[in-house]
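Here the structure comes first, spelled out in C-alpha cells, and everything after it is commentary.
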Amino acid sequence: MSNHNYWLFKSEPSSFSLDDLKNRPDATEHWDGVRNYQARNFLRDQIKEGDQVLFYHSNIAEPAVVGIAEVVKGGYPDWTAFDPGNPHFDPRSAPEKPTWYMVDVRFVRELPRPVTLSQLKTIPELAGMALLNRSRLSVQPVREEEWAEILRLAGVDGT
DNA sequence: GCCAACGTTGGC
DNA sequence: GCCAACGTTGGC
C-alpha cells in the first residue's frame, strides 16, 4: 500500500518539455499557469508532496507519456496570476483570495520507451483514463493499476 | 494548419 | 439560468 497518489500532467514540449524540467536548477519547476477549475481543484486540494506524476507531451505528432516526476511541494497559490506582466495574469485572482494554485515538481526519470497515446488507446484496462475521455484536462488523477500498466509498457520495472 | 470538442463568458 | 458566441486545447 502506497502513501502517495498518482497523476498525469500534460505539457506542450514546445513550451515546457521533460528535458526542460531535467535541466532546471535542482531539476525542479513550478507547475504554474493552470487555468482550469477542475485541474485547479486537484492542485489545490489533492496533490501532495511525494505524489508521483506521469509527464505527458501533448500537441505534437506523436503525443506520449515520456517521463516521471515527483511532487516536491503541494498546492499553494499560483502567484503568476497576480503579476500583470505575466502571461498567466488573471485580475480576478488576489493574493488574499487566490483563484489559481500550483505545485512544484522534480524530474525523476525519462521512460526507457515513451508510451504513445495510440498505444494507450489499445489497452482495454486504460479506457477509463481521463486522458482518453476528457482530452482537455491537463492535470488528472491516475489509478494505481493504470500507473503500473503504463510503466510496464514503458519498460520500467515495478515500483 | 485544421478543426472538433469543450470550458468559459456574458447578454438577455 | 439559459445558451450562443468565443477562445483554447490538442489530436490528427
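No value in this document is a laboratory result; all are computed from the given coordinates. Remember, it's a predicted structure, so these values are computed and weren't measured experimentally. Don't worry about glycine lacking a Cβ; one is built from the backbone with ideal geometry, like all the others, and counts go over all protein chains shown.
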- Query: Where in the stretch A:9-117 are there strands (runs of 3 or more DSSP E), lying fully within it, with 3 or more residues that are crowded, with 17+ Cβ neighbours inside 10 Å and over 11 Å from the mean Cα position of the chain (by Cα)?
  - Reply: A:64-77, A:101-116
- Item | Failed criterion for residue A:135 (all others in (1) away from DNA strand C (no atom under 16 Å from the Cβ); (2) surrounded by fewer than 16 Cβ atoms within 10 Å (Cβ to Cβ); (3) under 14 Å from the mean Cα position of the chain (by Cα) hold) | (1)
- Pairs, please: C-beta under 9 Å, at least 6 apart or cross-chain, first residue under 13 Å from residue A:59 (Cα atoms) and of a type in the set (Ser, Thr, Tyr) and in the stretch A:116-145, second part of a helix (DSSP H, G or I) and within 16 Å of DNA strand B (Cβ to nearest atom)? A:138/A:39
- Query: Being within 14 Å of DNA strand B (Cβ to nearest atom), part of a loop (DSSP other than H, G, I, E, B) and either touching a residue at least 40 places away in the same chain (Cβ under 8 Å) or surrounded by 13 or more Cβ atoms within 10 Å (Cβ to Cβ) (or both), is that true of even one residue in the stretch A:146-154?
  - Reply: no
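Among the candidates A:61, A:39, single out the residue that is within 16 Å of DNA strand B (Cβ to nearest atom), aliphatic (A, V, I, L, M) and touching a strand residue (DSSP E or B) at 6+ places or on another chain (Cβ under 6 Å).
Details: A:61 fails: touching a strand residue (DSSP E or B) at 6+ places or on another chain (Cβ under 6 Å).
Result of the check over A:61, A:39: A:39.
Scan the stretch A:44-58 residue by residue and report those that are within 16 Å of DNA strand B (Cβ to nearest atom) and either closer than 16 Å to residue A:156 by Cα or touching an Asp or Glu at 6+ places or on another chain (Cβ under 9 Å) (or both). Spell out how you get there, then give the answer.
Looking only at the stretch A:44-58, we keep the residues that are within 16 Å of DNA strand B (Cβ to nearest atom), and these are A:44-45, A:57-58.
Across the stretch A:44-58, the qualifying residues are A:57, A:58.
Look through the stretch A:133-145, keep the residues that are touching a helix residue (DSSP H, G or I) at 6+ places or on another chain (Cβ under 9 Å) and in a loop (DSSP other than H, G, I, E, B), and return whichever of them is nearest to residue A:112 (Cα to Cα).
If we filter the stretch A:133-145 for residues that are touching a helix residue (DSSP H, G or I) at 6+ places or on another chain (Cβ under 9 Å), which is where we start, we get A:134, A:137-142, A:145.
From what is left, the residues that are in a loop (DSSP other than H, G, I, E, B) are A:134, A:137-138.
Working: A:134: 27, A:137: 26, A:138: 23 Å.
In this case the residue turns out to be A:138.
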